[in-house]
Amino acid sequence: MDKRFFNIFNLTEDQAIALLKTPLDELEDKSDRYVAASHLINFPTQGSIAALIETIQNPDQAMYHRIARRKAVESLGRLQAAVALPVIRTCLADDDCYTVENAAWAIGEIGTADETILAEIAQLLEKPEQTYRVIIQVLAKLDYKPALERIRKFVEDRSQPIASAAIAAVCRFTGDYTQMSKVMQLLQHPNVNARRGCIQDLIDAKYYQAIPKIASCPVSLVFRLRGIRLLAEAGVPAGEISFVDIEPSLDRVIRDRPTDLELVHEYDETPSLEFLISELYHTDFGRCYLSSKTILEVYPEQAPEALMATFAEKAHNDYGAHYHVVKLLGWLQYAPAYDLLVEALQNRNPQFQKSRAAAAIALGNLGDDRAIELLLDSLKTEIFELKYACLLALEQLGAKGDISIAEDDSDWLVRAKALGDNSNV
């Protein structure tokens, strides 16, 4: 599990536990209990687990406590705290559907073969106004085949994400994958959450042939990379696919060119550069990619200065726009951006980690040999996408430097890329 973003509240374990135990009316900020429940994911200790369990058992019905209670359930799931399973199970009967959702999800993370617990989760599919998608995913993950007919009722659900999860689960239980094309279609859905969700369903179904289509889905590369990596980690050991099969898709995702994506949005008329720049801040990366593609095609001369200006004004502090601006400056081969790209390459703030890989690719596109040593040095990171991006950038720069550190890397995909073939990785 990637925990880079969990430890952002700067609390000790004892401070977080103390916040959970402090009466709401004594808290300066009543959301502190939620913060504390979130933060304890960093401390897989008996004390943290006990405090989270106590939070769940606290019957306080105040809104701020109910929100903290939901988060406590989630944190216990992330901690995979098996000792908490009995108390999490009680939350399956909660009146709050979000607590029920978190409880089902947490049980899926902890894992259980207890038929009575699994039957309780399956029974939730008969209960109105539940988060059916999560419930279906958990039942499939825990391989509870007695839920098959209940799940089958949702394959034509009017909510496409629910239908997608149901189709994936039915395929997984029956071995019949003929309906998976319906899930694949959601990779081009106008709604970004539907696109992200169906990638998870393709992972759950171990639908390896979806890898090239996942690579071209217009969502953040974080979701695409996760999908390809998890499918690779299941499929390669099983002999279903090889590194050679997935390498082109991995390369495309790390380079992340908008021309390599199947975009789902379009413009009725050519927008102004000002509008396109503003679109780089959109939360739907599909819109950001359309903007990037249009900037490159229509405004290659005017764009560099506008990008530098928006970076100085606010993109430097917006992790999404930061990423897209860095990439664009590389594609535009804007040499004055060299220092900005180096700074992005070396930025260790957790929220800007995507931009480090983007900067590596951009420096490769810039073609400045000064970047070679910086890229070689960046191979020492623990971040997969940065290491892989550095290898691509070094190759683009024609570098013959020492990449032996990557050939012995702990990540098998990095080793395979560095070795340049399908050796025993």
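Condition check ((1) under 25 Å from ARG224 (Cα atoms); (2) at pLDDT 95 or above) across all residues:
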residue	(1), (2)
GLN137	yes, yes
LEU148	no, yes
GLU156	no, no
SER159	yes, no
ARG172	yes, no
MET180	yes, no
LEU186	yes, no
HIS189	yes, no
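Any idea which of GLU149, GLU129, GLU156 is of a type outside the set (Gly, Ala, Ser), out of contact with any Pro (no Cβ under 7 Å at 6 or more places or on another chain), in a loop (DSSP other than H, G, I, E, B) and over 28 Å from ILE56 (Cβ atoms)?
Details: GLU149 fails: in a loop (DSSP other than H, G, I, E, B); GLU129 fails: over 28 Å from ILE56 (Cβ atoms).
Going through GLU149, GLU129, GLU156 in turn, just one is of a type outside the set (Gly, Ala, Ser), out of contact with any Pro (no Cβ under 7 Å at 6 or more places or on another chain), in a loop (DSSP other than H, G, I, E, B) and over 28 Å from ILE56 (Cβ atoms): GLU156.
Test ALA103 against the stated conditions and say whether it is under 25 Å from the mean Cα position of the chain (by Cα), surrounded by 23 or more Cβ atoms within 10 Å (Cβ to Cβ), under 23 Å from ARG89 (Cα atoms) and not assigned by TED's automatic domain parsing to the domain that holds ASN191. In short, yes. Exactly one residue out of LEU332, LEU413, LEU375 is in contact with a Pro (Cβ under 8 Å, 6 or more places away or on another chain) and either more than 21 Å from VAL253 (Cα to Cα) or buried (at least 16 other Cβ atoms within 10 Å of the Cβ) (or both): that is LEU332.
Residue-by-condition table, conditions (1) part of a loop (DSSP other than H, G, I, E, B); (2) in contact (Cβ under 8 Å) with a residue 24 or more places away in the chain:
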site: ARG172; (1), (2): no, yes
site: ASP176; (1), (2): yes, no
site: GLN185; (1), (2): no, no
site: ASP201; (1), (2): no, yes
site: ALA210; (1), (2): no, yes
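From the list GLU247, GLU266, GLU297, the lone residue that is more than 20 Å from LYS327 (Cα to Cα) and at pLDDT 95 or above is GLU247.
Determine, yes or no, whether SER291 is surrounded by 15 or more Cβ atoms within 10 Å (Cβ to Cβ), under 20 Å from the mean Cα position of the chain (by Cα) and either under 25 Å from PHE223 (Cα atoms) or not basic (Lys, Arg) (or both). Here the answer is no, as SER291 does not meet what is asked.
Reported count of residues in the stretch 260-295, each being closer than 19 Å to ARG195 by Cβ and of a type in the set (Val, Ile, Thr), is 2.
Would it be correct to say that SER75 is hydroxyl-bearing (Ser, Thr, Tyr), at pLDDT 90 or above, within 27 Å of the chain's Cα centre (by Cα) and under 17 Å from TYR98 (Cα atoms)? Here the answer is yes, as SER75 does meet what is asked.
For every residue, the table says whether it meets (1) farther than 21 Å from ARG287 by Cβ; (2) over 22 Å from the mean Cα position of the chain (by Cα).
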{"residue": "THR174", "(1), (2)": "yes, yes"}
{"residue": "GLN200", "(1), (2)": "yes, no"}
{"residue": "LYS206", "(1), (2)": "yes, no"}
{"residue": "ILE214", "(1), (2)": "no, no"}
{"residue": "PRO218", "(1), (2)": "no, no"}
{"residue": "LEU225", "(1), (2)": "no, no"}
{"residue": "ALA238", "(1), (2)": "yes, yes"}
{"residue": "ASP256", "(1), (2)": "no, no"}
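Here is the figure for the stretch 133-162: residues that are crowded, with 17+ Cβ neighbours inside 10 Å and over 21 Å from the mean Cα position of the chain (by Cα) total 9.
The values are calculated or read from the model by the stated rules, or taken from the named source; none is laboratory data. The structure presented is a predicted model; accordingly, all values stated were derived computationally and were not measured. Quick reminder, even Gly has a Cβ in these numbers, built from the backbone with ideal geometry, and neighbours come from all protein chains shown.
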